[in-house]
Amino acid sequence: MITVGLTFDLKDDYRRLGYSEEAIAEFDAIETIEAIEENLRALGYHTLRIGNLFALVQFLASGERCDMVFNIAEGMHGIARESQIPALLDAYQIPHVFSSATVMNLTLDKALTKMVIREAGIPTAPFTVIHHVEELDDVNLPFPLFVKPVAEGTSKGIDGYSLIDTREKLHSSCAFLLNAFHQPVLLETFLPGREFTVGIVGSGKKARALGVMEIVFNDACPDKIYSYSVKKEYEKYVTYRLANDKLARQCAKLALAAWNEIDGKDAGRVDFRTDRIGVPNFVEVNPLAGLNPTYSDLPILARLCNYPYRELIGEIMQSALKRAGLKEEANDESGYQTSHYSA
């Protein structure tokens, strides 16, 4: 039987340490871990809860091992934080689901990713990066602009102050973001059109677009941007719908091209927004997409495609096992006693 270790950052663990809700926005609730674990067990795997990076360090140092790691840990510190657990697992030659440490390191930096995508010929909005407010004097991009931290997820640092139409607002928003997030700020031409996210499953030539979901902003939604506050209350502000028109199919094709360009593995999401003439522009790629079965975008998209959550987890595992050269276990609905590791 294949033993799958689970690595994750739990919101409750960081709440107890005094972190704010926004600081832990990318981390998981216990029900996400339970859902992944339950479905892995139903698929015939033995599961072992490990926890965050520090728990993994103790797990490995104690001599414990597993056959595969199902890693959804986002990490807390540094722009390379999503790559920390994959890199550590590589050092111990333990295979894991999702993309390599190199890919995780690249894609969390939105500016570097846009450079790679632009070089591949995929449209992306004109952009620049500033490290200090003094650099704003040299910015020549036309208004309106959109500003956000260069290396955050879950729309952290994106809100009403992100949409900029004057020099004064540009200065105040960038000063706020630089101070609040202690990292460079990405400035890009605002894309005023439709917003899509494309779900990807698989790796390399086996990768496919699961579906295209359009984020439709309701009348109550402020600024019509997919902000941190909007994501927190998505049922109030947005409607998710499956899109299959010509534009959506174009997004799916571009998403696969972007996924293969960055060498994404197993599953993820690629986001697009159309410009003022209706051309879909790459926004970002998420190779570590959220997996809460209720409110994460990828499972929502899968649900709209009538693709059960268990099948999504199963396909992720199949892709990772094939890459690792491990034989997949037969399904077993009886369930297994779950082992736990406490740091």
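The values are calculated or read from the model by the stated rules, or taken from the named source; none is laboratory data. These figures come from a predicted structure and were not determined experimentally. All Cβ positions, glycine included, derive from the backbone under ideal geometry; neighbour counts span all protein chains shown. Remember, those area values only see protein heavy atoms, side chains included, never the ligands or the DNA or RNA. Shrake-Rupley method; radii C 1.70, N 1.55, O 1.52, S 1.80 Å.
What do you reckon, is R273 in a strand (DSSP E or B) and either more than 22 Å from S99 (Cα to Cα) or open to solvent by less than 40 Å² (accessible area, probe 1.4 Å) (or both)? Can you show your working first?
Numbers: in a strand (DSSP E or B): yes; either more than 22 Å from S99 (Cα to Cα) or open to solvent by less than 40 Å² (accessible area, probe 1.4 Å) (or both): yes.
Criteria met by R273.
Filtering segment 226-235 down to residues that are of a type outside the set (G, A, S) and either in a helix (DSSP H, G or I) or modelled with pLDDT of 95 or more (or both), which residue is least open to solvent (accessible area, probe 1.4 Å)?
First, the residues of segment 226-235 that are of a type outside the set (G, A, S): 226, 228, 230-235.
Pick out the ones that are also either in a helix (DSSP H, G or I) or modelled with pLDDT of 95 or more (or both) and you get 228, 230-232, 234-235.
Values: Y228: 29, V230: 0, K231: 55, K232: 132, Y234: 44, E235: 153 Å².
Once the filter is applied, the top-ranked residue is V230.
Counting only residues that are crowded, with 17+ Cβ neighbours inside 10 Å and among the basic types (K, R), segment 236-260 holds 0 of them.
Would you please list the contacts, defined by Cβ atoms under 6 Å and residues six or more apart or on different chains, that run from a residue in segment 40-58 that is within 21 Å of A29 (Cα to Cα) to a residue that is basic (K, R) and surrounded by 18 or more Cβ atoms within 10 Å (Cβ to Cβ)? Short answer, once both residue conditions are applied: T47/R41.
Being touching a helix residue (DSSP H, G or I) at 6+ places or on another chain (Cβ under 8 Å), more than 25 Å from S319 (Cα to Cα), among the acidic types (D, E) and at pLDDT below 95 is a property that D223 has.
Within segment 285-311, being in a helix (DSSP H, G or I), in contact (Cβ under 8 Å) with a residue 60 or more places away in the chain and either open to solvent by 10 Å² or more (accessible area, probe 1.4 Å) or over 20 Å from A258 (Cβ atoms) (or both) holds for D297, I300, L304, Y309, R310.
Against the definition (open to solvent by 50 Å² or more (accessible area, probe 1.4 Å) and modelled with pLDDT of 95 or more), how does D263 come out, yes or no? When the stated conditions are applied, D263 passes them.
Yes/no matrix, rows are residues, columns are (1) acidic (D, E); (2) modelled with pLDDT under 95; (3) in contact with a Gly (Cβ under 9 Å, 6 or more places away or on another chain):
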| position | (1), (2), (3) |
| --- | --- |
| L136 | no, no, no |
| P144 | no, no, no |
| E152 | yes, yes, no |
| G157 | no, yes, no |
| L178 | no, no, no |
| V185 | no, no, yes |
| V201 | no, no, yes |
| V212 | no, no, yes |
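For segment 1-55, filtered to residues that are of a type in the set (G, A, S) and closer than 17 Å to M317 by Cβ, the residue that is surrounded by the fewest Cβ atoms within 10 Å (Cβ to Cβ) is A42.
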